[in-house]
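The values are calculated or read from the model by the stated rules, or taken from the named source; none is laboratory data. Since we're looking at a predicted model, the values are computed, not measured. Cβ placement follows ideal geometry from the backbone for every residue including glycine, while neighbour counts extend to all protein chains displayed.
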């Protein structure tokens, strides 16, 4: 069972997160302040941590920094009510692996935690496989079974990202940050949906089993196992 | 109260100090003149008595008594003293009672007391006196009273006093006048400031004559007040807009929840209601996020994330992101890049700005229309132009579009928060670039950027060179130097002041509100 340590001082937020994660069969430990959180992190070796930025006693980033100084490489998702860009950069620089601004949708949090837990190892493989999909990273070609898929460069990048994280929920914000590598909130809210629509149109031909699924209100999943 | 203030006022105290110094100086001068005069007169008098005594010593003894009598008789002013005494001290002739004590009989002149003969009760004056012992043992004493120096000194002193008194008074009067004048101006300024504090933001300090420091100060303060008035008005507007724009989605969420609570009978119905409510809350959050971001960029003076950014690359990527959207809408999105160019800036922010412009252009271009993304550049400047075949921004709206939350009535139903162009303007301003809004029909917005080297040079501190306050029209990107009322010149063109609030820009053949000129340092 995957164990997660949550360091969060707001009881209600913490309870909601604990309940939601427990429902998804995570084992969640909760520490209400930085000192206790750091203690737990050192003793119980969780698989991932969620750390609030503002904590009583000890700042969240200080906790992360202390852990990193102890050579503890547990993936950390930093939560913050401060949305500033500089703040985010600082959070990541001080050892956080991902950064989520409050308020957030609970699915976004879960998706990001799952992404952290299942971070793809940087493989040397030149061919990615996911279900019937096959992506040749050298030749820049894609096929589904015997069928060649003709992809534009941006679609290729998107599919590559999704195949590396198949069977994971990928939120719009994650896709925008990772695939396009830009941190911004597009004025057109369905920007990612349009791109995904294009890709899906090419990947899932009529009559074929649908691989790219739209999870309503949350994001997208590439399902390799049906 | 007023009187105490006036006496306490700095100006008056300074005047008082100057007057006192002047008086001291005059008194010192008087003392000096007096002393010099005194010395001179005494020396002269001493020479005269010495000459006289030498003359009398040379006379034959039998003629001396007579000579002394003549000498005293000729002295109408009674300043001369003379006495001839026998060797045992008995007076033989003259108006001195006895040989004064303390007088050396060797011909040196001294100040001694000379008593008149017989009168023991009345003490005589102190007189410059010389005495000689004659060959026959007699003693001759001659004296000359130099009290005329006192008279002359009195005259000089009176003259100086007559001079110094009016000067002193004049100083005090001038001080008092200056003090009262300053007080009056301060009082006037105070009254106006009180009015401003009370909320009359249009009030300004009096700026009367041309080059007195007070007027210059008033002009500086007025300039500041202009800026602040614009800002406060903008803020007030923003407050209302925020309230309105937040209330709308929150009201929707509330209504949905309320109705769901009473009417929903199945779980599906309730879920639908909750989804609606979440959407409403999400929109409110999006507005807050966008606002915070805007504030962050507007207040961010730091340029930590700055580096060389390839504009052509950003343009291609923006195009890449928006191509499917444009295609879905049936809008042709074209990108025209003259040649690659690098600017000095923040990559993410520049991407966001250009993406926002393209987003808008695609949104407003009609189906079957065209959106063009162009990059032109020379050695110094790079121009990003986003144009569309939509309605464009009318002259009346040109100013308003940069306001937060402004959304043209025509497009009220188009989704969006209404902060896009404000955000673009803030990003452009942070970079020191210029945002130029073209005239309708057809949307055309340009960002005029400096190329990498040029941009960095422009950002270098110029305080040593003496930085010049310039003003830039945030809409046209034109700058103007304040040359005085009626004329202003820009780097690109010349403006003509049409009314106090509008300037003509010949190149664009239109009028620009003066209030749109934000302060700019270059």
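Key figures
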| read-out | value |
| --- | --- |
| Boolean, residue B:340 is buried (at least 21 other Cβ atoms within 10 Å of the Cβ), touching a helix residue (DSSP H, G or I) at 6+ places or on another chain (Cβ under 6 Å), at negative phi and part of a loop (DSSP other than H, G, I, E, B) | no |
| Residues satisfying the stated conditions in the stretch A:153-190, i.e. within 9 Å of chain B (Cβ to nearest Cβ), touching a residue at least 40 places away in the same chain (Cβ under 8 Å) and not in a helix (DSSP H, G or I) | A:183 |
| Residues located in the stretch A:201-226, provided they are within 12 Å of chain B (Cβ to nearest Cβ) and either part of a loop (DSSP other than H, G, I, E, B) or crowded, with 19+ Cβ neighbours inside 10 Å (or both) | A:216, A:217, A:218 |
| Pairs, first in contact (Cβ under 8 Å) with a residue 12 or more places away in the chain and away from every other protein chain (no Cβ under 12 Å) in the stretch B:326-339, second crowded, with 18+ Cβ neighbours inside 10 Å and part of a loop (DSSP other than H, G, I, E, B), C-beta under 6 Å, six or more apart | B:331/B:365; B:331/B:369 |
| Some residue of the stretch B:216-225 being closer than 30 Å to residue B:346 by Cβ and away from chain A (no Cβ under 14 Å) | yes |
| Check on residue A:74, out of contact with any helix residue (DSSP H, G or I) (no Cβ under 6 Å at 6 or more places or on another chain), away from every other protein chain (no Cβ under 14 Å) and either part of a loop (DSSP other than H, G, I, E, B) or without any contact (Cβ under 8 Å) to a residue 12 or more places away in the chain (or both) | yes |
| Evaluation of residue A:148 against (1) at pLDDT 90 or above; (2) closer than 24 Å to residue B:330 by Cβ; (3) surrounded by fewer than 16 Cβ atoms within 10 Å (Cβ to Cβ) (one fails), failing number | (2) |
| The stretch B:34-78: number of residues that are surrounded by fewer than 16 Cβ atoms within 10 Å (Cβ to Cβ) and either touching a helix residue (DSSP H, G or I) at 6+ places or on another chain (Cβ under 7 Å) or not in a helix (DSSP H, G or I) (or both) | 9 |
| Yes/no for residue B:94 being free of Cβ contacts under 8 Å to residues at least 60 places away in the same chain and on the phi > 0 side of the Ramachandran plot | yes |
| Complete set of residues in the stretch A:15-36 that are closer than 19 Å to residue A:116 by Cα and over 19 Å from the mean Cα position of the chain (by Cα) | A:29, A:30 |
| Residue list for the stretch B:363-400, filter: crowded, with 23+ Cβ neighbours inside 10 Å and within 14 Å of chain A (Cβ to nearest Cβ) | B:365, B:371, B:386 |
| Residues of the stretch B:1-14 satisfying the condition of being in a helix (DSSP H, G or I) and either out of contact with any helix residue (DSSP H, G or I) (no Cβ under 7 Å at 6 or more places or on another chain) or modelled with pLDDT of 80 or more (or both) | B:2, B:3, B:4, B:7, B:8, B:10, B:13, B:14 |
| Count of residues meeting criterion [more than 11 Å from chain A (Cβ to nearest Cβ), out of contact with any helix residue (DSSP H, G or I) (no Cβ under 8 Å at 6 or more places or on another chain) and modelled with pLDDT of 85 or more] in the stretch B:298-325 | 3 |
| Residue satisfying all of: in the stretch A:99-133; touching a helix residue (DSSP H, G or I) at 6+ places or on another chain (Cβ under 9 Å) and part of a strand (DSSP E or B); farthest from the other protein chains (Cβ to nearest Cβ) among these | A:129 |
| Given (1) at pLDDT below 90; (2) over 29 Å from residue A:158 (Cα atoms); (3) away from every other protein chain (no Cβ under 11 Å), number of the condition residue B:295 does not satisfy | (3) |
| Meets criteria (in contact (Cβ under 8 Å) with a residue 24 or more places away in the chain, out of contact with any strand residue (DSSP E or B) (no Cβ under 7 Å at 6 or more places or on another chain) and within 13 Å of another protein chain (Cβ to nearest Cβ)) for residue B:352 | yes |
| Residue in the stretch B:298-317 that is exposed (fewer than 15 other Cβ atoms within 10 Å of the Cβ), farther than 26 Å from residue B:431 by Cβ and out of contact with any strand residue (DSSP E or B) (no Cβ under 6 Å at 6 or more places or on another chain) present | no |
